[in-house]
Amino acid sequence: MLRTKKQYNSIPFEQELSRASMAVKKRALDAVKNEKFAVVQTHSNQQQERISSLLNSSSSKSKANASFCLPYFLLLMTIITFTGLLLEHMIVGGTSGHQIMDNTLDEIKILEKSADTFVHSTLNKLRKGDLKKDAEQEQTVKNNQGNHKGKQRDESIAPLLTADGTLLHMVFSTDCSSFQHWQAYLMFHSAMEVNQPGYVTRIASGCSKEEAKIAKEWHEKHITKPMSNRFIIHFTPHFSSVKDKDGNTKGDYKFFNKPFGVLHWMENGIDRKGSMADAIVILIDPDMLLLRPVTHDFSDERDTIINKNRILRPDDPPTLRKVKHGYPFAQIYGFGNQWKTKLDLKKVTSDDNSPALKVSQSEASKFYPVGPPYLATVSDMYKIAVRWVEFVPEVHKQYPHLLAEMFAFCVAAAHLKLPHQLIDSLMISNVGAGTGGGEGWALVDAIPEKEGTKDFCTIAMGPPTSSMGLSPTSPSSPISVPSVVHFCQRYFIGHWFFGKRRMPKNFFTCESALLAEPPGDIVSTVDFGQAPGGDVQKMNLKVRKRYGFSVCSLIGAVNRAGEFFKKKTCSSTEMNMQKTLKLM
């Protein structure tokens, strides 16, 4: 039933609309592949009846608004009808229909984007409670390449919005090097595998004109078309130069690209006005592998670990642990209050009365030692990004080390009085993190050595929505895992190893071999590990499980991404599917 603005928050009308649109699109795609026009036609009629009933059952007070909503529903019906006509043309055409299947898929991809734009626009107007006004046109990504034609991928379609109608923007910052190129592909593939809602954007900084042209074409061919048209690349200028007081370049700090790149994207790549300010930004790193979707909702205690001493709003029930204005979340990192003790904050902020100066040492350790994944509303993240860019040059001047940009983020948040709810389970990275170390290893520790007939490494190496049971919508799954693997460390068990700097930069090509895979029972059959050039290290079961999970999940994910690339790109005679490449 269509609701007024006052009634909106308590009724999930937007969920009904979004789900109806998604169902129509998925049925349309299925029908193209199976040549079952009748299914699409029947389902389209069902969706029309469903939406009509929503309108007809509205209260008299809501019907005034319903009349303004009708054109938007008619647009959706037009999209559905046009889809049906395309399919009918294909089926009726008999043999010739097969010849136009690819073109039909191209057209449905355009229709899919049109439906997404319609749903998103309508939901925004519903939220504002004013359908009489022409809301600003949604411009999510200025640098988007538009409606890309190409075959729709076979994998399930991720939703544009979360179940509660929230739009997510996941972003990560890279340069234009081949080293971060393969990481970006793996990141996009993992987002596709877990059905990450919303948009995923790679911010590529410092590309030359020719590099940007090549990267844009490669992205469209290998990511946008086969994976999702919500996977975007956004280009920015070069930001990593370190300047002296006269403005002359005296060095390079590549991590300047993150704060400056994020601000550039927020000012040029998305709409920050109106209801778009309520959307959520999820800032991650390129060397992160998604094991399950990352959303703004941390209310499920089964998959969320929060240290009881770091609960920002202890009086709130877990059901209210969701990112919103003034309530950002992030993964906790182990540098405590160093962002405060190692810096002259008066010089950093140029403000003798900065709120950052008033943060106690205890608060500095409990609510501000944050790192990726960071989550905040568009409005809050923009405020942080502005200050982050302002503060990071002075922070780097005082502390010219790896964590300078992270410390600057902490200072920006404190200056803006935006303490974060710190989450342990968003990430695993350092296998040596203790029980109070602030990572999600407790979830890995709880995975049994053997689950039914599957050994530990076999479980970890499987795709995230099947053998690992990682879907957050499947509470009956026996396994809970952290949201991401941050593979910035080196991982080894027995004589098996994974390290990002040993990955071939040409891995995602037709000729490259896939990675050799360890045996599924390796965690149970070896009691040591050895890194390249290192000594043999004895490992207890807990350490073996942590190293084993990291090695096996990363090798499995990299190989699935490699297989996907080859199947979508290479001919049968040129694709190398041999699993023979070892990183030792």
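Some observations on this one:
- With neighbour counts taken as other beta-carbon atoms within 10 Å, the residues 241, 553, 350 rank, fewest first, as 350, 241, 553.
- Kirkwood Rh in Å, taken over all unlike Cα pairs in segment 156-295: 15.8 Å
- Taking the number of Cβ atoms within 10 Å of each Cβ as an exposure proxy, the fewest-first ranking of 501, 302, 560 is 501, 302, 560.
- Computed label-point distance, nm, for sites residue 495 and residue 537 using a 7 Å Cα→Cβ extension: 1.9 nm
- Taking the square roots of 5 times each eigenvalue of the Cα gyration tensor of segment 232-366, largest first, gives ellipsoid semi-axes of 30, 23, 16 Å.
- Sorted peptide list for 308-316, 292-300, criterion being average Cβ within 10 angstrom, highest first: 292-300, 308-316
- Taking 0.36 nm per residue of separation and subtracting the current Cα-Cα distance, fully stretching the chain between residue 579 and residue 346 would add 78.3 nm.
- Footprinting exposure proxy ranking of 370, 523, fewest other C-beta atoms within 10 angstrom first, gives 370, 523.
- Size of charge dipole - segment 193-266 - debye, nearest 20, with Cβ of Lys, Arg +1 and Asp, Glu -1, no other charges: 80 debye
- When peptides 252-259, 527-534 are ranked by their average number of other Cβ atoms within 10 Å per residue, the highest-first order is 252-259, 527-534.
- Remark on residue 516: its backbone amide H falls under 5 Å from those of 580, 581, 582, a criterion applied only to residues 5 or more positions apart or on other chains, H modelled at 1.01 Å from N.
- Inter-label distance, residue 511 to residue 245: 5.4 nm, where each label sits 7 Å from its Cα along the C-beta direction.
- Separation between Cα centres of segment 336-362 and segment 489-527, rounded to whole Å: 43 Å
- Counted residue by residue at 0.36 nm each, then reduced by the alpha carbon distance between them, the extension gain from residue 360 to residue 325 reaches 10.3 nm.
- The label point for residue 445 and the one for residue 569, both projected 7 Å from the Cα toward the Cβ, are 4.1 nm apart.
- Structure note, pairs 254/505; 209/505; 322/366; 225/582; 258/322: Cα-Cα distances above 23 angstrom occur for 225/582; 258/322.
- Amide H partners (placed H, <5 Å) of residue 282, local residues excluded: 169, 170, 171
Where a number appears in this text, it was derived from the coordinates with a stated rule and is not lab data. Quick caveat, the model's predicted, so the values are computed rather than measured. Note that we place each Cβ from the backbone using ideal geometry, even for glycine, and neighbour counts take in every protein chain shown.
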